[in-house]
Amino acid sequence: MAPPIHFITGNANKLKEVKAILEPRISIQSQSLDLEEIQGTIEEVAESKCRRAADLVNGPVLVEDTALCFNALQGLPGPYIKWFLDKLGHQGLNNLLAAYEDKSAEAVCTFAYSAGPGRDPIIFQGRDVSDANELTLGWDPVFEFEGKTYAEMESAEKNKISHRGRALAKLQAWFESQQEASS
């Protein structure tokens, strides 16, 4: 059996979601590290965090980065959403869009996996699109699937179709293909 993967997060809710989706096929251990985030594209930020984490853990790691991209703002705040939320809050983000007719957004969940130090990260992404008029507390009330918002869904149902669930499904499929190739 493969060694457990260190999922680098301090967010208990993300850990719970990742474990619910990946385990028991992929064993996940949580580790909280304060990783410096570079400026760059969504993929560059995730790759950089993954390389740093693999070096610190000295083993296989999984990192996650979530971006919120407003179409009216040409994809901003993107991977910097955490900092925008810290400074502006949800209402401040809504205020940024007040002058624009287009209030649509795309949530992008990017997972980067590395087998260990010196190994290139592999990127897995999932995306959700919303045309909601306002960002509410948390994003789940804004994103819908088949007439239900993510906030109205049970966790297992949401995990199958959310941006995080889609990215993790790609990761799972990749792991399965690697196991088949080595058999």
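The values are calculated or read from the model by the stated rules, or taken from the named source; none is laboratory data. These numbers were taken from a predicted model, which means no experiment stands behind them. All Cβ positions, even for glycine, are placed from backbone atoms using ideal geometry, and neighbour counts span all protein chains on display. Ligands, DNA and RNA are excluded from the accessible area calculation, which covers all protein heavy atoms including side chains. Shrake-Rupley method; radii C 1.70, N 1.55, O 1.52, S 1.80 Å.
In table form, for the structure just shown:
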read-out: Residues of type lysines that Lys16 reaches as a straight line, Cα spacing below 20 Å, ignoring anything fewer than 8 places off in the same chain; value: Lys82, Lys158, Lys160, Lys170
read-out: Value of [θ]222 nm, deg cm²/dmol, for the chain, DSSP H segments ≥ 4, -39500 (n - 2.57) each, nearest 500; value: -12500 deg cm²/dmol
read-out: Most fluctuating residue given options Ile38, Ile21, Ile123, as computed from a GNM of the chain linking Cα atoms under 10 Å; value: Ile38
read-out: Percent carbon-and-sulfur accessible area, the chain, ignoring ligands, DNA and RNA, probe 1.4 Å; value: 49 percent
read-out: Whole-number accessible area per residue in Å² for segment 5-182, which is evaluated in the context of all protein chains at 1.4 Å; value: 53 Å²
read-out: Helix runs (DSSP H) in the chain reaching 24 Å along axis by Cα, Kyte-Doolittle at least -1.0; value: 163-182
read-out: Farthest positive-ward along the chain dipole, Cα basis, beta-carbon charges - from Phe111, Leu93, Ala54; value: Ala54
read-out: DSSP bridge orientation in the chain - percent antiparallel, rounded to nearest 5; value: 75 percent
read-out: Within a Gaussian network of the chain (alpha carbon springs, distance under 10 Å), most fluctuating of Lys158, Lys148, Lys49; value: Lys148
read-out: Longest DSSP-loop-exposure-free segment, GluC sites (Glu not before Pro), the chain, at most 12 other Cβ within 10 Å; value: 37-100
read-out: Net dipole in debye of the chain [+1 Lys, Arg Cβ; -1 Asp, Glu Cβ; about Cα centre; nearest 20]; value: 440 debye
read-out: Relative contact order for segment 5-182, counting Cα pairs under 8 Å that sit 6 or more residues apart, in percent; value: 20 percent
read-out: Nearest-0.05 FRET efficiency for Glu44 and Glu146, computed from C-beta distance (R0 35 Å); value: 0.55
